[in-house]
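The values are calculated or read from the model by the stated rules, or taken from the named source; none is laboratory data. Since the structure is predicted, the reported quantities are computational estimates derived from the model, not experimental observations. Here Cβ is always computed from backbone atoms with ideal geometry, including for glycine, and neighbour counts include all displayed protein chains. With ligands, DNA and RNA removed, areas are computed over all heavy atoms of the protein, side chains included. Shrake-Rupley method; radii C 1.70, N 1.55, O 1.52, S 1.80 Å.
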Amino acid sequence: MNLWRSGLLLLALSLGNPALALDLSPQELAGKRLYREGVSAAGAEVVARVGAADMQVPASVTPCASCHGADGQGRPEGGVRPPSLSWQRLALGRGERQANGRAYPAYSEASIARAIQQGRDPAGNRLDPAMPRFSLAMSDQRNLTAYLKRLADDRDPGLETQVLRLGTLLPQAGDLAPAARVVGAVLAGSVARINEQGGIHGRQLQLVVLDPGPDLASAEQALDRLLGEEQVFALVMPLAPALDAVLATRLEQARVPLVGALAHSAYSRQIFEPLAGVREQLQSVAGYAEASLQAQRLSTQIVYAGSEARSLAEALQADLQQRGWTQVQVEAFSSQVPTAEAIFYLGSAPAFAELTALLEAAGRAPYLFAVSSQMGSEVARVPAQWSRRVFLAYPFIPSDWTAAGRDGLSALREREGLDGRQALLQVGAWCSMVLLEEGLKRAGRDASRDKLVVALEGLHDVQTGLTPPLSFGPGRRQGLEGAHVVTLELPGPMFYPVAPYRRRDL
Ligand code: HEC
């Protein structure tokens with residue numbers, strides 16, 4: 001990438017909206033930044049006074065877009081109804097307008113400033129105190145007003161008349177390359193199916209695939225490119241673990257939604273995962289172990305392999321202690337033989353095989369608890385002494401598959417030359433596309449990234465044909481809340497579901 005280009009991308013990203021979809025003047029761009037991020041052109045902090053008590057907070061905590069939406073169309077939440085800020089509706093033409101039971105004449109530039117700074121509309125009505133009062137320098141107010149005039153036309157990138165562009169990051173080399181090939185094939189197959197059925201709201205889907213490269217720097221560069229020059233509207237199922245620590249923040253800054261299964265993700269408003277995370281899946285296993293094995297009374301070790309799994313291990317320890325497990329220790333995997341009666345394992349499949357070999361050699365067979373996604377094909381090689389003593393979380397089991405789901409996946413496998421290996425990844429990518437399709441349909445022809453986030457959040461009981469029904473909600477970003485618990489009968493192995501997946505509210 002040449003210098004000029006990367007400089008431009010940097011500029012675009014620091015403005016919050018990576019793609020300059022609309023040609024905005026410097027003044028309008030400064031206004032946009034204030035609108036979306038609550039930051040003034042001079043870089044000074046803008047103060048907002050919120051609520052009836054006029055509490056002062058930085059505007060960056062409560063920027064206009066957080067209530068009125070990045071698209072300015074208003075995002076009702078908890079009984080508060082921020083109106084549309086379309087300039088057309090606010091200020092153009094004559095005649096009375098209405099919002100939340102107030103009636104008032106057209107806004108002017110001066111009365112807009114009064115609404116924003118003092119909380120009164122042009123008729124002198126007090127605005128609901130849910131609308132903060134912002135202290136703005138004159139230049140900031142001018143920038144903001146200039147942007148409000150363009151807001152309605154400032155469409156999110158990647159949304160064109162006939163095309164909607166999605167992006168993903170899939171490595172072509174390294175350990176993850178085989179997985180990436182599978183994910184790429186499922187995404188491509190799903191996109192082809194949706195397009196053959198006419199696309200979504202008259203738009204054909206286009207998938208931009210970039211290679212995240214070997215490290216954080218290369219992965220960030222690829223992400224910048226997706227959001228910058230490639231102009232993608234949303235991300236789907238990237239495989240770029242190097243980005244884990246920064247992804248949520250980056251997506252929140254750019255307000256880009258992502259649908260996909262991630263390895264270690266923290267909660268983010270922008271990220272929707274079809275299946276439950278490792279931590280949530282292990283809660284299901286713990287619930288079963290308490291009910292059937294009274295495992296909360298056993299000495300328990302959480303053994304993790306790889307430093308990335310450490311924080312997860314500590315989180316799990318806290319979860320277990322809260323559930324009443326009294327003797328839980330966290331330990332990094334080493335050549336030392338764990339002595340506990342029950343072991344939760346977190347880490348990769350090869351290290352799991354080393355762990356069982358170590359225990360076997362020491363003549364120990366404690367209960368083993370783990371998630372299937374971390375076991376891979378090692379499941380087939382668990383030594384026989386763990387028959388019905390190993391318990392694994394599975395997000396789905398064969399009985400979740402409907403005829404339609406099975407047929408759909410077989411057709412896709414055939415078309416893309418896939419076999420049954422990496423079924424979990426296949427299902428993860430499949431479900432991600434089902435969710436995106438459903439979310440985009442609901443977001444409407446006049447979609448925006450914000451509308452997509454709201455639409456995804458509103459999805460309940462989505463039938464994927466391959467998993468239990470997926471549901472989201474405010475503060476809920478995983479489609480499943482746990483997993484089925486399955487034990488292995490060895491040798492074999494034969495798989496026995498011992499506790500079905502249950503939603504927590506059922
Ligand atoms: C915490 C949520 C929130 C934030 C942040 C917020 N607003 Fe509002 N805004 C509202 C609500 C709610 C109303 C409706 C008040 C009413 O109708 O009484 C409103 C009303 C308005 C109105 C009056 C619209 C009309 O039809 O009379 C304008 C103009 C406005 N906001 C602009 C802005 C701008 C510009 C910003 C950022 C500088 C901003 N708002 C930030 C919640 C918010």
Flagged in the range 29-75 as open to solvent by less than 60 Å² (accessible area, probe 1.4 Å), among the aliphatic types (A, V, I, L, M) and more than 9 Å from the ligand (Cβ to nearest atom), in numbering order, are L29, A30, V39, A44, V47, V57, A70
Here are some residues: L127, L136, L148, L144. Which one is within 9 Å of the ligand (Cβ to nearest atom), touching a helix residue (DSSP H, G or I) at 6+ places or on another chain (Cβ under 7 Å), closer than 17 Å to K32 by Cα and open to solvent by 20 Å² or more (accessible area, probe 1.4 Å)? L136
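In this structure, is R449 among the charged types (D, E, K, R), out of contact with any Leu (no Cβ under 6 Å at 6 or more places or on another chain) and farther than 20 Å from P257 by Cα? Break it down into steps so the answer makes sense when it comes.
Details: among the charged types (D, E, K, R): yes; out of contact with any Leu (no Cβ under 6 Å at 6 or more places or on another chain): yes; farther than 20 Å from P257 by Cα: no.
Criteria not met by R449.
For the structure I just gave you, tell me whether Q118 is at pLDDT 95 or above and open to solvent by 60 Å² or more (accessible area, probe 1.4 Å). It would help to see each step written out before you state the result.
Values: at pLDDT 95 or above: yes; open to solvent by 60 Å² or more (accessible area, probe 1.4 Å): yes.
Yes; evaluated as a whole, the condition is true for this residue.
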Collect the residues in the range 88-106 that are open to solvent by less than 80 Å² (accessible area, probe 1.4 Å) and within 7 Å of the ligand (Cβ to nearest atom), keeping them in residue-number order. L90, R97, A99, R102, Y104
Residue in the range 120-128 that is within 36 Å of the chain's Cα centre (by Cα), outside any loop (DSSP other than H, G, I, E, B) and not assigned by TED's automatic domain parsing to the domain that holds P257 present: no
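Within the range 276-294, track down each residue that is part of a loop (DSSP other than H, G, I, E, B) and open to solvent by less than 40 Å² (accessible area, probe 1.4 Å). Spell out the reasoning first.
Narrowing the range 276-294 to residues part of a loop (DSSP other than H, G, I, E, B): 276-277, 294.
Within the range 276-294, A276, G277 meet the criteria.
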Is there a residue being surrounded by fewer than 18 Cβ atoms within 10 Å (Cβ to Cβ), more than 7 Å from the ligand (Cβ to nearest atom) and within 30 Å of G43 (Cβ to Cβ) anywhere in the range 76-83? yes
Condition met for G465 (on the phi > 0 side of the Ramachandran plot and assigned to a loop (DSSP other than H, G, I, E, B)): yes
Confirm whether G260 is under 20 Å from the mean Cα position of the chain (by Cα) and small (G, A, S). yes
Using the structure shown, decide if T402 is touching a strand residue (DSSP E or B) at 6+ places or on another chain (Cβ under 9 Å) and over 19 Å from A295 (Cα atoms). no
Any idea which of (1) in contact with a strand residue (DSSP E or B) (Cβ under 8 Å, 6 or more places away or on another chain); (2) farther than 30 Å from E341 by Cα; (3) surrounded by 20 or more Cβ atoms within 10 Å (Cβ to Cβ) is the one H460 doesn't satisfy? (3)
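So is G198 without any contact (Cβ under 8 Å) to a residue 12 or more places away in the chain and in the same structural domain as V256 (by TED's automatic domain parsing) or not? Spell out the reasoning first.
On the way: without any contact (Cβ under 8 Å) to a residue 12 or more places away in the chain: yes; in the same structural domain as V256 (by TED's automatic domain parsing): yes.
Here the answer is yes, as G198 does meet what is asked.
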Restricting attention to the range 415-446, and to residues there that are open to solvent by 50 Å² or more (accessible area, probe 1.4 Å) and among the acidic types (D, E), which single residue is nearest to Q270 (Cα to Cα)? E438
Of those in the range 188-247 that are in a helix (DSSP H, G or I), out of contact with any strand residue (DSSP E or B) (no Cβ under 7 Å at 6 or more places or on another chain) and among the polar types (S, T, N, Q), the residue surrounded by the most Cβ atoms within 10 Å (Cβ to Cβ) is S190
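Run down A365, A361, A404, A384 and say which single residue is more than 30 Å from P468 (Cα to Cα), in contact (Cβ under 8 Å) with a residue 40 or more places away in the chain and aliphatic (A, V, I, L, M). Before the answer, list the steps.
Numbers: A365 fails: in contact (Cβ under 8 Å) with a residue 40 or more places away in the chain; A361 fails: in contact (Cβ under 8 Å) with a residue 40 or more places away in the chain; A404 fails: more than 30 Å from P468 (Cα to Cα).
A384 is the lone residue from the list that is more than 30 Å from P468 (Cα to Cα), in contact (Cβ under 8 Å) with a residue 40 or more places away in the chain and aliphatic (A, V, I, L, M).
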Among the residues of the range 270-291, count how many are under 30 Å from R250 (Cα atoms) and without any contact (Cβ under 8 Å) to a residue 60 or more places away in the chain. 1
Picking from A362, A357, A266, A332, which residue would you name as being surrounded by fewer than 16 Cβ atoms within 10 Å (Cβ to Cβ) and closer than 30 Å to D461 by Cβ? A266
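Say we look at the range 295-308 and pick out the residues that are over 35 Å from the mean Cα position of the chain (by Cα) and not aliphatic (A, V, I, L, M); which of these is surrounded by the fewest Cβ atoms within 10 Å (Cβ to Cβ)?
Start the filter on the range 295-308 by keeping residues that are over 35 Å from the mean Cα position of the chain (by Cα), which leaves 297-299.
This time we only want the ones that are not aliphatic (A, V, I, L, M), so: 297, 299.
Numbers: R297: 14, S299: 17.
Filtering first and then ranking leaves R297.
Can you spot a residue in the range 162-171 that is open to solvent by 60 Å² or more (accessible area, probe 1.4 Å), closer than 30 Å to E437 by Cβ and either in the same structural domain as A41 (by TED's automatic domain parsing) or assigned to a loop (DSSP other than H, G, I, E, B) (or both)? Full working, then the answer.
First, pick out the residues of the range 162-171 that are open to solvent by 60 Å² or more (accessible area, probe 1.4 Å): 162.
From what's left, closer than 30 Å to E437 by Cβ: 162.
Right, trim to either in the same structural domain as A41 (by TED's automatic domain parsing) or assigned to a loop (DSSP other than H, G, I, E, B) (or both) and you get 162.
So far as the range 162-171 goes, yes, one or more of its residues are open to solvent by 60 Å² or more (accessible area, probe 1.4 Å), closer than 30 Å to E437 by Cβ and either in the same structural domain as A41 (by TED's automatic domain parsing) or assigned to a loop (DSSP other than H, G, I, E, B) (or both).
Identify all residues within the range 337-354 that are under 22 Å from Y496 (Cβ atoms), outside any helix (DSSP H, G or I) and open to solvent by 10 Å² or more (accessible area, probe 1.4 Å); write none if there are none.
So the first thing to find is which residues in the range 337-354 are under 22 Å from Y496 (Cβ atoms), and the list is 341-345, 349, 352-353.
With the extra rule that they be outside any helix (DSSP H, G or I), the set shrinks to 341-345.
If the condition is that a residue be under 22 Å from Y496 (Cβ atoms), outside any helix (DSSP H, G or I) and open to solvent by 10 Å² or more (accessible area, probe 1.4 Å), then E341 is the only one that fits.
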Do we find that A185 is at pLDDT 95 or above and open to solvent by less than 10 Å² (accessible area, probe 1.4 Å) in this structure? no
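Would you mind stating whether R449 is assigned by TED's automatic domain parsing to the domain that holds L207, crowded, with 23+ Cβ neighbours inside 10 Å, over 17 Å from G479 (Cβ atoms) and of a type outside the set (G, A, S)?
Values: assigned by TED's automatic domain parsing to the domain that holds L207: yes; crowded, with 23+ Cβ neighbours inside 10 Å: yes; over 17 Å from G479 (Cβ atoms): yes; of a type outside the set (G, A, S): yes.
When the stated conditions are applied, R449 passes them.
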Given (1) under 34 Å from the mean Cα position of the chain (by Cα); (2) closer than 15 Å to T145 by Cα, R75 misses just (2)
